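Below is one structure, written out as structure tokens; comments come after it.
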Amino acid sequence: MELTEFVEKYAVERRQSASVKWDGMKDKFGSNDLLPLWVADTEFKVPDAVTTALQERIAHGAYGYSLTPDSYYEAYFKWQKSRYGTELERDWMRFGTGVVQSLSVLVSCLSEPGDAVMLLQPVYGPFMNVIVSNERQPVVSNLKRNGTHYEMDLADIQAKMKEKNVKLLLLCSPHNPVGRVWGSSELEDLLEICRQEKVLLISDEIHHDLIVGQRPFVSALSIKNGYYRDNVIMLDSASKTFNLAALQNSHVIIPNPQLRERYDHCIERLHDPAGSLLGKVASEAAYRHGAKWLAGMFSVIKHNYEYLKKRLTTAFPQITVYDLEGTYLAWIDLSQVIPPEKLEWVIKHRARLAVDFGEEFGPVGKGFIRVNLATTPANIEKAADALCAAIQN
Ligand SMILES: Cc1ncc(COP(=O)(O)O)c(C=O)c1O
């Protein structure tokens, strides 16, 4: 679907709809009238088939305890296999109400208080939160900057795993906020290190459908034809891709039977919920019928990224806008044009934007902002104008 057609058909006003991004802005930014480009959800309605499936299910009128139908597995497995070559089995699959909730459950169930858990910063803030709130010891390996993209520092990762006796590694793949889609050889090197150091890899693949660059996505489960998969737990959801976050349905994929047994035992103790009926109805419809809509979404993300990058770097060549291989989040280094200690003030009070500030992703993010591109081109034009004017002044 063409960019203009997609935007005209699906863009929706979200103010006054109990949206965290719009209606929750005041709590975080002190004002309700900034242009919000934070929270990673989108300004677009879901595919028509998702709305229809939800309406049909709502019309039924009874919402008692429910199962996951066979048709759900079929739709999800077909999506994974046909788009990414990822082969999944039904036995491996568990459900959660969100990927962060599952990350926290996994950290709690598969490690002990005080254990070392590794993360690669800058990274989505809740990774650090789930480690600290579960009273585990965070071990940070910083990604390395190389021109306009980031790489893993494999030597540092291995050295720290050994030194700190790391038990788990939380990987973001594709990586929020730096926009990397990890290649198969990088993932293979990482998985080999995890195998040697006996570190379980938890791979958060929630952004895996949002591939807008040239590098194809490959799941950690598929590396070397699944050679490492007994040492991987994969998490994903249709929520980021199709704007379904509040419907609370996500997947926990555990190929290793012993780990599955530990997880099930722990979940029994926590009386953890097993996903949401409407979340499953919506996700199944999205997997079955959402591909065309998603292609339209890609045209919006690519357009907005290219536009913003060109405007900012033409006006201020000292700004670095990192390559966007995956996600709809632009990672922008403004440290050469705005002193990092003034960044928040300038963005909020001069540019009047609500964005995520880099330090939310770790100290190495100081001086950066993360901009959510999953909005209308008109909003991105407004944001670019406002940023350029604020920097100019
Ligand atoms: C890497 C990553 N994981 C998880 C989430 C949140 O997922 P959920 O709403 O399913 O907890 C996000 C949201 O931005 C994310 O970027």
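The values are calculated or read from the model by the stated rules, or taken from the named source; none is laboratory data. Just so we're clear, the structure is a prediction, and the values are computed from it rather than from any experiment. Heads up, the Cβs are rebuilt from the backbone with ideal geometry, glycines too, and the neighbour counts pull from every protein chain shown.
Numbers below:
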item	result
The one condition in (1) part of a loop (DSSP other than H, G, I, E, B); (2) surrounded by fewer than 19 Cβ atoms within 10 Å (Cβ to Cβ) that T314 fails to fulfil	(1)
Answer from E56, E8 - the residue that is in a helix (DSSP H, G or I) and either under 15 Å from A286 (Cα atoms) or in contact with a Gly (Cβ under 7 Å, 6 or more places away or on another chain) (or both)	E56
Options V46, V100, V39, V105; residue that is within 16 Å of the ligand (Cβ to nearest atom), within 16 Å of E205 (Cβ to Cβ), out of contact with any His (no Cβ under 9 Å at 6 or more places or on another chain) and of a type in the set (A, V, I, L, M)	V100
Number of the exception - S299 against (1) part of a helix (DSSP H, G or I); (2) in the same structural domain as G96 (by TED's automatic domain parsing)	(2)
Tally, over segment 335-354, of residues that are touching a helix residue (DSSP H, G or I) at 6+ places or on another chain (Cβ under 6 Å) and within 25 Å of V140 (Cα to Cα)	0
Among residues of segment 345-356, those that are surrounded by 16 or more Cβ atoms within 10 Å (Cβ to Cβ) and either more than 17 Å from L312 (Cα to Cα) or touching a strand residue (DSSP E or B) at 6+ places or on another chain (Cβ under 6 Å) (or both), counted	6
Residues that are part of a helix (DSSP H, G or I) and closer than 21 Å to A315 by Cα, drawn from segment 357-382	P377, A378, N379, I380, E381, K382
Test: V281 is part of a helix (DSSP H, G or I) and touching a residue at least 60 places away in the same chain (Cβ under 8 Å)	yes
Filtered residues of segment 1-54 (kept if of a type in the set (K, R), surrounded by 13 or more Cβ atoms within 10 Å (Cβ to Cβ) and touching an Asp or Glu at 6+ places or on another chain (Cβ under 8 Å))	R14, K21
Residue under evaluation R215, criteria (1) of a type in the set (K, R); (2) under 21 Å from the mean Cα position of the chain (by Cα); (3) assigned to a helix (DSSP H, G or I), criterion not met	(3)
Leading residue by the ranking (nearest to the ligand (Cβ to nearest atom)) among those in segment 326-343 that are over 13 Å from the mean Cα position of the chain (by Cα) and under 13 Å from Y150 (Cβ atoms)	W331
Test: residue in segment 281-293 that is of a type in the set (S, T, N, Q), under 28 Å from S222 (Cα atoms) and not assigned by TED's automatic domain parsing to the domain that holds V178	no
Selection count where residues are within 14 Å of the ligand (Cβ to nearest atom) and in a loop (DSSP other than H, G, I, E, B), scope segment 218-257	6
